[in-house]
Amino acid sequence: MATDATKTKKPEDPIIGHKYDATTIKVLQGLEAVRRRPAMYIGDTGQRGLHHMVYEVVDNSVDEAMAGYCDRIKVEIGKDGEVTVTDNGRGIPVELHPEQKKSALEVVMTTLHAGGKFDHSSYKVSGGLHGVGVSVVNALSEWCWVEVYRDGDIYRQEYVRGKPKEKVKKVGKRKKSGTKTCFYPDAEVFSKIDIKFDIIASRLRELAFLNEGLTIDLDDHRVDKSVSFNYKGGLSSFVDYLNENKTPLFRKPIHFKGNKDGVEVEIAMQYNDGYSESVYSYVNNINTIEGGTHLTGFRTALTRTINHYAGKYNLIKKNGMSLVGDDSKEGLTAVTSVKVRDPQFEGQTKTKLGNSEVRGIVEAITNDHLGSHLEENPPVGKKIVEKLVQAATAREAARKAKELTRRKTALDTAALPGKLADCSLTDPEECELYIVEGDSAGGSAKQGRDRRFQAILPLRGKILNVEKARIDRILSNNEVRALITALGCGVGQDFDASKVRYHKIIIMTDADIDGAHIRTLILTFFFRYMRDLIDKEYVYIAQPPLYRVKHGKNEQYAYSDEEKEKIVKQMPSTGVSIQRYKGLGEMNPEQLWKTTMDPETRTLLRINIDDGAEADHLFSILMGSETEPRSLFIQENAQYVRNLDI
Ligand code: 0RA
């Protein structure tokens, strides 16, 4: 079904040209293991794993930058799709490794987890899938070569599927030091070798934000496209970027750094006039999606410091009111980045920081710096408190309203919305929910579906723009309520992804601007309020055809202009009729089933968001102005959808 399935590989023959002493064999087994079970080392052998190969190599250069020896990294995607990463660091050591009796460079390139002596940074990137080592990239590359510039010489070694072709050799002279690694991912391992510019660019941008002053260039020689990232403002620039289309309450982000017991802390934050929260946390440049002790420390200190400040200057007029954690989230955009020597990553995806000592350190540094910032900038302090008092007031009002109307609302009960045509099966794994634009298409979908496992929820017109409303208003919107009830997983504090009634939630809208807009609105809602559904990869986009091409009894559907041309060419040119579908409503139930809903023949796009900050930025831009052509989410943002053949 999915295209990302792991390929199993037969083990390869041992290396020719190497002595068979015990260590060699051990080393060989190391990399053979990587080739046998690539997913264990690189995550998967689909798009994600492929891009991870690039990150792994870049991470090593970033480590060298973190150690203070490198300020420039260049990533190139070659004409054939090979990737080259060059840095101006000290160069990987090349001297003879005393135990292994070969060049340190060779050891680094061919030994699993060859850290230790070769660690060049005390804050190593090593969380989640990061830090598996460049030898893994080498093992999973059809070919690879490395050049090291050190002490005026150029050293070079080439590899085939992880095995050195020759010893490390001196091949020339060069004054400037550095490391250049070039690799071509192995087509025997990866399902498709197509490195996406946008995906690489957003990770490099993130790294440039996180490492102030570091310049990272990306050149795509396949299409002659390039970008260069360098942010003098570091995390302040990151916050500006996230807030690009929002209205901040004060101009410059609050930005501070601190250092205690070897833990480096850097935080930038700003409030905007919106209601949602955009907080991203990093440990050694890795996005800790599940948060952890650093984030807890920040949140605790944030609420405490603002409460303390508000109390001291008597800024809360209402007696007895105090701000709670949820209040301090409203309209908050923040990035917290810590560098920790020995990070412990926990959680399902190993992206939650566990080191307990970090909590207190971040808390103390935040209390200290945020406290003095507010003292020194009273207008900023006043605006923040005003904003959070509003949030607290709304929270209080919502609580009272809930108490008064003790009667069960539609949201609390299991009563399903009237316009939902539910399916008869009940196992969520088997069930699909089609969210359909408009009543007429909804009607066709209801007639065309397989009612055993497909449920239909027609949504009329536009749902509320969730970027511009507080949760209580969002929840009073009928379309949103119907959606929440149909899904059955609650929302906000009651949200529980494990309760969702369908494991495929398919958005089916017209292939026009309005359709794209509705799709973006629904996706934004999922992103802001039911993010787990996206992370669990339950959210899909249906792909209705754009054309029907007919010649006599032969009729075919085309999902793109190119496909239409191809079909027309195959048919004799006379008597071919082409119908362009403007909306789902133009298809009868049978056609809709055949083209868009039948699991045997349809194509679904799966939404997948690996880069939360980038998606956040994108959603806030998309929702900023309605007429933006950029609201054509899919066409322009292919990096968030993955083709899935079902
Ligand atoms: C170990 C020690 C030293 C540098 C490096 C590793 C190093 C590794 C990579 C990987 C990509 N770029 C890199 N740049 C440097 C320092 C050796 C010394 O003392 O000169």
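The values are calculated or read from the model by the stated rules, or taken from the named source; none is laboratory data. Bear in mind the structure is a predicted one, so any value in this text is a computation, not a measurement. Positions of Cβ are generated from backbone atoms using ideal geometry, with glycine treated the same way; all protein chains shown enter the neighbour counts. These accessible areas exclude ligands, DNA and RNA; they are computed on the full protein's heavy atoms, side chains included. Shrake-Rupley method; radii C 1.70, N 1.55, O 1.52, S 1.80 Å.
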>> Name the residue that is farthest from the ligand (Cβ to nearest atom), counting only residues in the stretch 137-155 that are part of a strand (DSSP E or B) and in contact with a Leu (Cβ under 9 Å, 6 or more places away or on another chain).
In response: 155
> Within the stretch 471-490, is even one residue in contact with an Asp or Glu (Cβ under 9 Å, 6 or more places away or on another chain), closer than 19 Å to residue 587 by Cβ and open to solvent by less than 10 Å² (accessible area, probe 1.4 Å)?
Replying inline: no
>> Looking for something under 28 Å from residue 177 (Cβ atoms), in contact (Cβ under 8 Å) with a residue 24 or more places away in the chain, hydroxyl-bearing (Ser, Thr, Tyr) and out of contact with any Pro (no Cβ under 7 Å at 6 or more places or on another chain) - is there at least one such residue anywhere in the stretch 102-119?
In response: yes
> Among 516, 486, which is the only one that is within 30 Å of residue 333 (Cβ to Cβ) and among the small types (Gly, Ala, Ser)?
Replying inline: 516
> Only one residue in 214, 235, 249 is in contact with a helix residue (DSSP H, G or I) (Cβ under 7 Å, 6 or more places away or on another chain), at pLDDT 95 or above and surrounded by fewer than 21 Cβ atoms within 10 Å (Cβ to Cβ), so which one is that?
Replying inline: 249
> Since residue 609 meets every condition but one in (1) buried (at least 20 other Cβ atoms within 10 Å of the Cβ); (2) assigned to a helix (DSSP H, G or I); (3) not small (Gly, Ala, Ser), which condition does it not meet?
Replying inline: (2)
> List, please: which pairs have Cβ atoms under 8 Å, are six or more places apart or on different chains, and start with a residue in the stretch 54-73 that is more than 18 Å from residue 220 (Cα to Cα) and in a loop (DSSP other than H, G, I, E, B) and end with one that is of a type in the set (D, E, K, R) and within 10 Å of the ligand (Cβ to nearest atom)?
Replying inline: 69/90; 70/64; 70/87; 70/90
> If you go through the stretch 90-114, how many residues are within 13 Å of the ligand (Cβ to nearest atom) and under 28 Å from the mean Cα position of the chain (by Cα)?
Replying inline: 0
> With 360, 347, 371 as the choices, which residue is in contact (Cβ under 8 Å) with a residue 40 or more places away in the chain and open to solvent by less than 30 Å² (accessible area, probe 1.4 Å)?
Replying inline: 371
> Cβ-Cβ below 6 Å, separation at least six or inter-chain, first residue in the stretch 319-342 and among the acidic types (Asp, Glu), second not in a loop (DSSP other than H, G, I, E, B): which pairs?
Replying inline: 327/388; 327/391; 327/392; 330/391
> Does the stretch 304-327 contain any residue that is surrounded by fewer than 24 Cβ atoms within 10 Å (Cβ to Cβ) and in contact with a strand residue (DSSP E or B) (Cβ under 8 Å, 6 or more places away or on another chain)?
Replying inline: no
> Any idea which residue in the stretch 577-598 is nearest to residue 514 (Cα to Cα), counting only those that are touching an Asp or Glu at 6+ places or on another chain (Cβ under 9 Å) and aliphatic (A, V, I, L, M)?
Replying inline: 584
> Here are some conditions: (1) at negative phi; (2) away from the ligand (no atom under 13 Å from the Cβ); (3) part of a loop (DSSP other than H, G, I, E, B). Residue 76 meets all but one. Which one does it not meet?
Replying inline: (3)
> Name the residues in the stretch 162-214 that are closer than 17 Å to residue 241 by Cβ and within 16 Å of the ligand (Cβ to nearest atom), would you?
Replying inline: 204, 207, 211, 214
> Quick one: what pairs do we get from the stretch 220-245, first residue in contact (Cβ under 8 Å) with a residue 60 or more places away in the chain, second assigned to a loop (DSSP other than H, G, I, E, B) and open to solvent by 20 Å² or more (accessible area, probe 1.4 Å), C-beta under 6 Å, 6+ apart or different chains?
Replying inline: 221/79; 222/79; 245/624
>> If the requirement is being within 12 Å of the ligand (Cβ to nearest atom) and modelled with pLDDT under 95, which of these qualifies: 66, 40?
In response: 66
> Restricting the search to the stretch 156-179, which residues are in a strand (DSSP E or B), open to solvent by 50 Å² or more (accessible area, probe 1.4 Å) and in contact (Cβ under 8 Å) with a residue 24 or more places away in the chain?
Replying inline: 171
> Here are 56, 82: which of them is charged (D, E, K, R) and away from the ligand (no atom under 14 Å from the Cβ)?
Replying inline: 82
>> Based on this model, can you work out whether residue 87 counts as away from the ligand (no atom under 13 Å from the Cβ) and either under 31 Å from the mean Cα position of the chain (by Cα) or crowded, with 17+ Cβ neighbours inside 10 Å (or both)?
In response: no
